[in-house]
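The values are calculated or read from the model by the stated rules, or taken from the named source; none is laboratory data. Since we're looking at a predicted model, the values are computed, not measured. Cβ placement follows ideal geometry from the backbone for every residue including glycine, while neighbour counts extend to all protein chains displayed. Just so you know, the surface numbers come from the protein's heavy atoms only, side chains and all, with ligands and any DNA or RNA stripped out. Shrake-Rupley method; radii C 1.70, N 1.55, O 1.52, S 1.80 Å.
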Amino acid sequence: MRSFKMETVIPASPDAVWEFVTRPDGIIAVAKGYFSFTPIDPATFPIRWEKGDYLTAIKAFGLVPAGRQLIRISFPVPDGETRILRDSGGGLLFSEWDHRISVAPKANAARRETLYTDDVRFDAKIAPGITLAVVKSFFRHRHKRLAMLFGS
């Protein structure tokens, strides 16, 4: 199993960041330019993620079909002030996918700042080393877009 963790400090309150990441349109916004997600079952995404399964079609760079991916959303019990959204699906490229998004107040912050963390573990069906490089690149893109959308 491959894994990595990526953290970014966002210049916004944890409530604002949590509101953003718990909305499917938030995830779509930070993936823009890299991957697009089209809901299959159900046929539309909810306004806010709810616990459950969402089958999606993925396109790389908005053009290249990259198969289907099951997004399985759950909300593990918060760890103190840290809120967690978990996607534990899988699909064409991944026999196992476990992605945890954590949102927490940044310790000792002079202003309202949030520590945003992606903790990713997966088993790739094809070329695990190359897949790891692509997934890391995608998450760097997500973090850059997230920071940009919040004004840093």
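Entry note, the chain: relative contact order of 29 percent, from Cα contacts under 8 Å with a spacing of 6+ residues.
To the nearest 10, the accessible area of GLU96 is 80 Å² with a 1.4 Å probe. When you filter the chymotrypsin sites (Phe, Trp or Tyr not before Pro) in the stretch 37-68 for DSSP loop state and at most 10 other Cβ atoms inside 10 Å of their Cβ, you are left with PHE61. Share of carbon and sulfur in the accessible area of the stretch 71-152 stands at 55%, probe radius 1.4 Å. The residues of the chain present an accessible area of 54 Å² per residue when probed at 1.4 Å with all protein chains retained. The accessible area of THR8, taken with all protein chains in place and a 1.4 Å probe, comes to roughly 30 Å². Scanning the chain for helices, which whole DSSP H stretches are 24 Å or more long along the axis (Cα) and average -0.5 or more by Kyte-Doolittle? For the chain, where a helix must reach 24 Å along its axis and average at least -0.5, the hits are 128-149.
When the chain is treated as a Gaussian network with alpha carbon springs shorter than 10 Å, the biggest mean-square fluctuation among ALA60, ALA31, ALA107 belongs to ALA107. Put ASP87, ASP25 in order of accessible area, highest first, and with a 1.4 Å probe you get ASP25, ASP87. What net charge do the residues around LYS144 carry, taking every other residue with its C-beta under 14 Å from that of LYS144, with Lys and Arg at +1 and Asp and Glu at -1? Surrounding charge for LYS144 is +3.
By its C-alpha gyration tensor, with a ≥ b ≥ c as the square roots of the eigenvalues, how is the stretch 1-49 shaped: rounded for a/c under 1.5, else prolate for a/b larger than b/c, else oblate? Oblate, since a/c reaches 1.5 and b/c is not below a/b.
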